[in-house]
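> Take a look at the following structure, please.
The values are calculated or read from the model by the stated rules, or taken from the named source; none is laboratory data. Predicted model, so just to flag it, every value in this text is computed and none were measured. Don't worry about glycine lacking a Cβ; one is built from the backbone with ideal geometry, like all the others, and counts go over all protein chains shown.
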Amino acid sequence: MAVGLVLILGFALRLISLNQSFWLDEAVQVWASRDFGIKNLLFEYMGGDFNPPLFHFLLHFWIKIFGDSEISVRMPSVILGVSSVWLVYKISKLFAIRHTLFASSLLATSPLHIYYSQEARMYSLTCFSVLLMIWRFLIWQKKESFKNGLFLGTSLVFMGFSHYLTLLVLPAMLIFIYSKHGRGSVIKKFGLILLPLILFFLLYLPIFNNQLKTGIAIKNDFSVWGETVGSFSLKSAALLPIKFIIGRISMSNKIAYGITAAVLVVIFWGITLLEGAKNLKLKIQNSKLQLKIQNFNSFLFALLLFLSPTLGFIVSFFVPVFSYFRFLFVLPFFYLLIGFGIEKIKKRNLKRLVIIFLVGINLTCSFIYLFNSKFHREDWKGMVDWLDKQEKAPLLILSQVSKPLEYYSKSDILFWPQDEEKIKENGKIWLIEYALPIFDPQKTVKGGLLEQGFVLIEQKSFREIILSFWEKEVYAYRY
């Protein structure tokens with residue numbers, strides 16, 4: 001009954017503002033999943049998309065049945081998000097934690113998890129697939145039967161093809177098995193269970209190699225792009241602890257934001273670090289320093305939470321992959337560790353106050369995101385609605401980022417640089433300046449407009465999208 005209420009709450013929160021505009025990556029995802037067949041998705045599209053194909057296939061069949069509206073294509077992520085809340089509850093139950101609903105309540109109300117449960121991308125799937133795998137792994141640990149091994153092996157394949165970064169949980173699991181069982185039969189059995197994942201990945205390797213080459217080439221050609229999507233930086237690493245707590249919201253007052261962030265990080269992460277410290281004990285035996293693990297389940301969650309992002313940070317020196325949202329799949333272990341830490345508070349009233357405070361922070365940050373459109377995604381839909389009421393003129397946009405505009409607009413669209421000659425035939429142009437610093441660092445688009453006699457008349461912003469109106473000087477005198 002109680003878990004049902006938590007799931008209903010989690011589902012209800014994820015439905016609020018679900019119809020907000022698609023942003024660039026979502027629009028590209030919808031275009032690919034809708035317009036490509038399975039074969040073409042795999043052998044044509046995937047070579048230029050640095051992601052595995054599972055979510056693309058899932059959305060392909062979903063769109064065929066339910067259509068491609070904002071609410072429709074985001075529903076798989078909503079369902080997977082709520083299912084992740086249920087899996088956290090099931091994992092908590094395995095350990096007979098007294099407050100089994102606490103960690104699942106934190107995930108149900110998590111502002112970061114809600115945000116990505118509302119996005120038509122694979123991040124909600126990655127969180128669900130990693131949780132599913134860990135749940136099956138813990139069951140297999142209790143009973144190493146063929147059936148449980150089969151379920152675990154299947155969930156590993158499912159996880160690995162949801163997102164490449166999920167594979168970074170495997171070193172944590174191997175360290176856990178070795179720490180608990182040594183080099184015995186358990187680690188050999190787990191190696192056998194990994195074989196289907198290895199086999200499938202070997203078959204997929206040619207496509208992965210093409211993706212890797214494409215990603216590195218784009219990073220080299222467009223250095224700003226690499227910085228934007230997740231190249232190595234201390235700033236990107238520092239964002240993870242606070243974004244895991246408050247999600248995508250921020251404050252305009254940077255001092256207030258810094259103080260608030262510091263306090264919340266100390267409280268939330270302090271509980272997890274304290275739990276980790278209490279769980280590990282150093283002792284000297286036979287003149288050797290040894291590490292003793294008090295609770296192996298807590299140790300596993302700590303490894304998953306801290307080691308996976310650390311490895312991702314190292315990888316980002318070579319391939320731009322490190323952004324906090326790509327590690328959404330370790331967020332549940334953050335909450336599970338907090339749950340373990342809360343269990344150790346002996347005073348009942350203090351424990352209750354801490355639980356109310358932590359869930360209250362989650363709800364506050366979630367409501368700020370859900371009900372304040374300033375924190376919503378790029379407003380392509382609002383921009384097109386506004387343009388429909390303005391002076392008619394062709395829309396000019398970089399071809400690399402045109403999919404959201406193509407999804408929403410029925411107006412004439414010109415692409416740079418393909419339609420450079422056609423631009424000369426027009427006396428006025430609406431320029432969507434989105435991603436110009438990334439893909440046009442030399443400012444050839446605006447330079448080309450100026451060369452052709454255009455002047456800038458006005459600019460307007462639609463949540464991270466700058467729209468500007470240009471007109472040839474011969475017509476612009478009336479302004």
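> Mind listing whichever residues of the stretch 28-58 are more than 15 Å from Lys403 (Cβ to Cβ), of a type outside the set (A, V, I, L, M) and part of a helix (DSSP H, G or I)? Before you say what the answer is, go through the steps one by one.
Of all residues in the stretch 28-58, those more than 15 Å from Lys403 (Cβ to Cβ) come to 37-44, 46-47, 50-55, 57-58.
Subset that is of a type outside the set (A, V, I, L, M): 37, 39-40, 43-44, 47, 50-53, 55, 57.
Once the filter is applied, which keeps residues that are more than 15 Å from Lys403 (Cβ to Cβ), of a type outside the set (A, V, I, L, M) and part of a helix (DSSP H, G or I), the stretch 28-58 yields Lys39, Asn40, Phe43, Glu44, Gly47, Phe55, Phe57.
> Is it the case, given these coordinates, that Ile207 is within 20 Å of Leu311 (Cα to Cα) and either outside the structural domain of Asn51 (by TED's automatic domain parsing) or out of contact with any His (no Cβ under 7 Å at 6 or more places or on another chain) (or both)?
In short, no.
> Quick one: would you say Lys180 is surrounded by 14 or more Cβ atoms within 10 Å (Cβ to Cβ), farther than 30 Å from Asp440 by Cβ and at pLDDT below 90?
Spelling it out, Lys180 is indeed surrounded by 14 or more Cβ atoms within 10 Å (Cβ to Cβ), farther than 30 Å from Asp440 by Cβ and at pLDDT below 90.
> Restricting the stretch 276-317 to residues that are modelled with pLDDT under 75 and buried (at least 18 other Cβ atoms within 10 Å of the Cβ), which is nearest to Ser233 (Cα to Cα)?
Among residues in the stretch 276-317 that are modelled with pLDDT under 75 and buried (at least 18 other Cβ atoms within 10 Å of the Cβ), the one nearest to Ser233 (Cα to Cα) is Gly276.
> With the structure loaded, tell me whether Thr154 is part of a helix (DSSP H, G or I), under 20 Å from the mean Cα position of the chain (by Cα) and in contact (Cβ under 8 Å) with a residue 12 or more places away in the chain or whether it fails that test.
When the stated conditions are applied, Thr154 does not pass them.
> Just to be sure, is Leu59 within 18 Å of Ser409 (Cα to Cα), surrounded by 20 or more Cβ atoms within 10 Å (Cβ to Cβ) and either assigned by TED's automatic domain parsing to the domain that holds Thr214 or polar (S, T, N, Q) (or both)?
no
> Let me spell it out: the conditions are (1) within 25 Å of the chain's Cα centre (by Cα); (2) surrounded by 15 or more Cβ atoms within 10 Å (Cβ to Cβ); (3) assigned to a helix (DSSP H, G or I); (4) at pLDDT 90 or above, and Arg377 meets all of them except one. Which number is the exception?
(3)
> Looking at this structure, is Gly341 in contact with a helix residue (DSSP H, G or I) (Cβ under 6 Å, 6 or more places away or on another chain) and in the same structural domain as Glu26 (by TED's automatic domain parsing)?
Criteria met by Gly341.
> Moving on to the next point. Anything in the stretch 35-56 that is among the charged types (D, E, K, R) and surrounded by fewer than 16 Cβ atoms within 10 Å (Cβ to Cβ)? List them, or say none.
Asp35, Lys39, Glu44
> Sticking with this one: Here is a list of conditions, (1) touching a residue at least 40 places away in the same chain (Cβ under 8 Å); (2) in a helix (DSSP H, G or I); (3) of a type in the set (A, V, I, L, M); (4) surrounded by fewer than 18 Cβ atoms within 10 Å (Cβ to Cβ), and Ile65 meets all of them except one; can you say which number that is?
Going through (1) touching a residue at least 40 places away in the same chain (Cβ under 8 Å); (2) in a helix (DSSP H, G or I); (3) of a type in the set (A, V, I, L, M); (4) surrounded by fewer than 18 Cβ atoms within 10 Å (Cβ to Cβ) one by one, Ile65 breaks only (1).
> Here is a check on your reading of the model: is Ser92 in contact (Cβ under 8 Å) with a residue 12 or more places away in the chain, closer than 30 Å to Ala27 by Cα and in the same structural domain as Val186 (by TED's automatic domain parsing)?
no
> Another one. Hey, among Asp25, Asp49, which residue is under 16 Å from the mean Cα position of the chain (by Cα), closer than 19 Å to Tyr204 by Cα and of a type in the set (D, E, K, R)?
When all the criteria are applied, what remains is Asp49.
> Being out of contact with any Leu (no Cβ under 9 Å at 6 or more places or on another chain) and either acidic (Asp, Glu) or surrounded by 14 or more Cβ atoms within 10 Å (Cβ to Cβ) (or both) is the filter; apply it to the stretch 403-419 and report the residue that is farthest from Val455 (Cα to Cα).
Looking at the filtered set, the residue picked out is Tyr407.
> In this structure, does Gln390 turn out to be out of contact with any strand residue (DSSP E or B) (no Cβ under 9 Å at 6 or more places or on another chain), outside the structural domain of Asn19 (by TED's automatic domain parsing) and either closer than 23 Å to Asp25 by Cβ or part of a loop (DSSP other than H, G, I, E, B) (or both)?
Here the answer is no, as Gln390 does not meet what is asked.
> Also, quick follow-up: Please determine, by comparing only the residues of the stretch 236-249 that are of a type in the set (Gly, Ala, Ser) and crowded, with 16+ Cβ neighbours inside 10 Å, which one is nearest to Ser323 (Cα to Cα).
Only one residue tops the list, namely Ser236.
> Something else now. Using beta carbons and a limit of 6 Å, which pairs, at least six apart or on different chains, have the first residue in the stretch 16-37 and in the same structural domain as Arg74 (by TED's automatic domain parsing) and the second one modelled with pLDDT of 95 or more and of a type in the set (Gly, Ala, Ser)?
Glu26/Ala120; Gln29/Ala120
> On to the next question. Out of Tyr178, Tyr204, which single residue is farther than 21 Å from His56 by Cβ and not in a loop (DSSP other than H, G, I, E, B)?
Details: Tyr204 fails: farther than 21 Å from His56 by Cβ.
So the residue among Tyr178, Tyr204 that is farther than 21 Å from His56 by Cβ and not in a loop (DSSP other than H, G, I, E, B) is Tyr178.
> If we keep just the residues of the stretch 75-118 that are surrounded by fewer than 24 Cβ atoms within 10 Å (Cβ to Cβ) and outside any helix (DSSP H, G or I), which is modelled with the highest pLDDT?
Phe95
> Would you be able to say whether some residue in the stretch 441-459 is at positive phi and exposed (fewer than 14 other Cβ atoms within 10 Å of the Cβ)?
The answer is yes, given that some residue of the stretch 441-459 is at positive phi and exposed (fewer than 14 other Cβ atoms within 10 Å of the Cβ).
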